[in-house]
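Engineer: Structure provided below as structure tokens; questions to follow.
The values are calculated or read from the model by the stated rules, or taken from the named source; none is laboratory data. Quantities reported herein were computed from a predicted structural model and do not represent experimental measurements. Every residue, glycine as well, gets a Cβ built from its backbone with ideal geometry; the counts of neighbours run over all protein chains shown. Each accessible area value is taken on the protein alone, full model and side chains, heavy atoms only, with ligands, DNA and RNA left out. Shrake-Rupley method; radii C 1.70, N 1.55, O 1.52, S 1.80 Å.
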Amino acid sequence: MRPESERARALRRSEIRVLFDAALRHPGAIRLEVGEPSFTTPDHVIDAAMNAARAGFTKYGPNGGLVSLRELLAAKIAKVDGFEVDPDQVVVTPGGMNALSSTFMALIDPGDEVLIPTPGFPNMDQMVSLFGGVPVFYPLSADNGFLPDLAMLEKAVTAKTHLLFINTPSNPTGAVFPSGLMEGLADLCQRHDLWLLSDEVYDELILDEGIGHTAAGRFDTDGRVVTVYSFSKVYAMTGWRVGYAVAPAGVASTLRKLQEPLVSCPSTVSQKAAEAALTGPRRPFDEMLEAYRRRRLAAVAASSAAGLTVVRPQGTLYMLLDVSSWARPSLDFALSLLEHQGVSVAPGSVFGPAGEGWVRISLAAEDAEIVEGIERIAAHLRQGS
Ligand code: PMP
């Protein structure tokens, strides 16, 4: 018998999982590697899901999601993300992850090059490779606030480039793209005839007062932009698995078609929960955002006090810390930190080649744990490798 497929065998195991598993062997460890909100789904959302299940929302639904949810999402996109879409352009998926993979599957042919940021959201390169595409990393630099450099991107485009992937607010850097940059990125895609896939799953997690999220969809003048959103982090609903893609009508129709052989449809009861998150009280979500904002301030202050270099995140629930003074790779630092200081962080190598020299901590832990964790990271760096 032939072994597993080449594609499956080529897939690497995420180093974040290595840390995750190692942390389980240190029961008292401070867990700063996770991306799981520290809050549970608000009660009104859970109640709505229970009522919906009793009312019969326990069956298959349409491939692209319930019309009632898609109508609410079109209104949310107009209000929060600032552009108008028809509900038929919204395709609800099992999590943002499936919206991303379905979009790659819909748009990429073998050999197509896809531009991907580093440090950037893990696994995007693997996703592209799974569908026969060729991932090409473009580096983001701390000196530039981890924002893409238009001139550099311009040089990275080749005759084979087919799609530009961007992420704002960004995991792991916390960077939030200003609107001028977004306009420039849309313009670049137009001039080079590229698709623009914009991962905006943290659109409502803006930590800085006075700045806003800029959606790529606002600058789509000729139907080349796909944006991806999710209920996971903004609404503390990771396990419900509800995300959605917003796409030009033709692409949205292809995405719906792809759902049939892949997943059939997103969970019906979870979609009713998502509806409640959109229509119910905002207060629980505002309180979570306030907590992330407070923790971000505490984390930045603790890092400066401990002499660590950080790039202050403007959005998301993550922060990168500079550990480049450690003589060995970031995975080695993360494992050694766990072993000696009982603190678990995500090694920068997870975030692509330009992630080396950094570790990511999460603002999903409690305030005191974050501060204690940062102090131990600084102490470990001082002791040296
Ligand atoms: N994009 C980014 C940047 C993320 O950080 C995540 C979650 N970690 C996702 C997409 C996917 O999230 P989900 O599938 O839970 O919606």
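Engineer: For segment 59-279, what Kirkwood radius comes out of the mean inverse Cα-Cα distance, in Å?
Structural biologist: Answer for segment 59-279: a Kirkwood hydrodynamic radius of 17.3 Å.
Engineer: Give, as a single signed number, the net charge of other residues whose beta carbon lies under 11 Å from the beta carbon of V226, with Lys and Arg counted +1 and Asp and Glu -1.
Structural biologist: -2
Engineer: Give the calculated FRET efficiency between T309 and E71 to the nearest 0.05, with a Förster radius of 35 Å applied to their Cβ-Cβ distance.
Structural biologist: 0.15
Engineer: Among M237, M1, A298, whose Cα lies farthest out toward the positive end of the dipole of the chain, if unit charges sit on the beta carbon of Lys, Arg (+1) and Asp, Glu (-1)?
Structural biologist: M1
Engineer: Restricting to segment 59-279, what percent of DSSP beta bridges are antiparallel, rounded to 5?
Structural biologist: 30
Engineer: Another question, then. Can you give the local net charge around K160? Use residues other than it whose beta-carbon is closer than 11 angstrom to its beta-carbon, Lys and Arg +1, Asp and Glu -1.
Structural biologist: -3
Engineer: Something else now. Where the only charges are on Cβ atoms (+1 Lys, Arg; -1 Asp, Glu), what is the dipole of the chain about its Cα centre, to the nearest 20 debye?
Structural biologist: 800
Engineer: Just subtract the alpha-carbon distance of D367 and L278 from 0.36 nm times their residue separation and send over the number in nm, one decimal.
Structural biologist: Contour length minus Cα-Cα distance gives 29.3 nm.
Engineer: Using a 1.4 Å probe on the protein heavy atoms only, what accessible surface does I211 show? Give it in Å² to the nearest 10.
Structural biologist: 70
Engineer: Looking only at the chain, where both bridge partners belong to it, what percent of the DSSP beta bridges are antiparallel (to the nearest 5)?
Structural biologist: The antiparallel fraction comes to roughly 45 percent.
Engineer: Next question, about the same structure. Which parts of segment 185-203 would a label at M152 reach, counting a residue when its backbone N lies under 18 Å from a point 7 Å out along Cα-to-Cβ?
Structural biologist: 185-186, 188-189
Engineer: Listed here are the pairs K79/K160; K76/K155; K79/K233; K155/K257; K79/K257; which of them are more than 25 Å apart at the Cα?
Structural biologist: In this structure, K79/K160; K76/K155; K155/K257; K79/K257 lie more than 25 Å apart at Cα.
Engineer: Can you compute the label reach from E84? Point 7 Å from Cα along the Cβ direction, backbone N cut-off under 16 Å, restricted to segment 209-227.
Structural biologist: 217-223
Engineer: What is the gain in length, in nm to one decimal, between D47 and A159 on full extension, counting 0.36 nm per residue of separation less the C-alpha to C-alpha distance?
Structural biologist: Computed gain between D47 and A159 is 35.1 nm.
Engineer: So, counting K/R as plus one and D/E as minus one, what does the shell of residues with Cβ under 11 Å around T173 add up to?
Structural biologist: +2
Engineer: A follow-up question, please. By a straight-distance test (C-alpha under 15 Å), which aspartates and glutamates pair with K272 as possible cross-link partners, with residues fewer than eight away in the same chain excluded?
Structural biologist: D43, D47, E71
Engineer: Send over the Kirkwood Rh of the chain, from the inverse of the averaged 1/r over different Cα pairs, rounded to one decimal Å.
Structural biologist: Averaging 1/r across every pair of different Cα atoms and inverting gives 21.5 Å.
Engineer: Using a 1.4 angstrom probe and counting only protein chains, how large is the accessible area of M97 in Å², to 10?
Structural biologist: 70
Engineer: Heavy atoms only, probe 1.4 angstrom, no DNA, RNA or ligands counted: give me R256, R295 ranked by accessible area, highest first.
Structural biologist: My answer, sorted largest first, is R256, R295.
Engineer: Based on alpha-carbon centroids, what's the gap between segment 315-385 and segment 138-195 in Å, whole number please?
Structural biologist: Going from one Cα centre to the other spans 26 Å.
Engineer: I'm checking a number: the convex hull volume of the Cα atoms of segment 39-78, normalised per residue, in Å³. What is it?
Structural biologist: Cα convex hull per residue, to the nearest whole number: 106 Å³.
Engineer: Sticking with this structure for a sec: Measure of size requested: the Rg and Dmax of segment 210-365, with Cα atoms as the atom set and Å as the unit; please supply both.
Structural biologist: 19.6, 55
Engineer: Working out 0.36 nm times the residue gap between D208 and E339, then minus their Cα-Cα distance, what length gain in nm do you get to one decimal?
Structural biologist: Extra length from D208 to E339 when fully extended: 43.7 nm.
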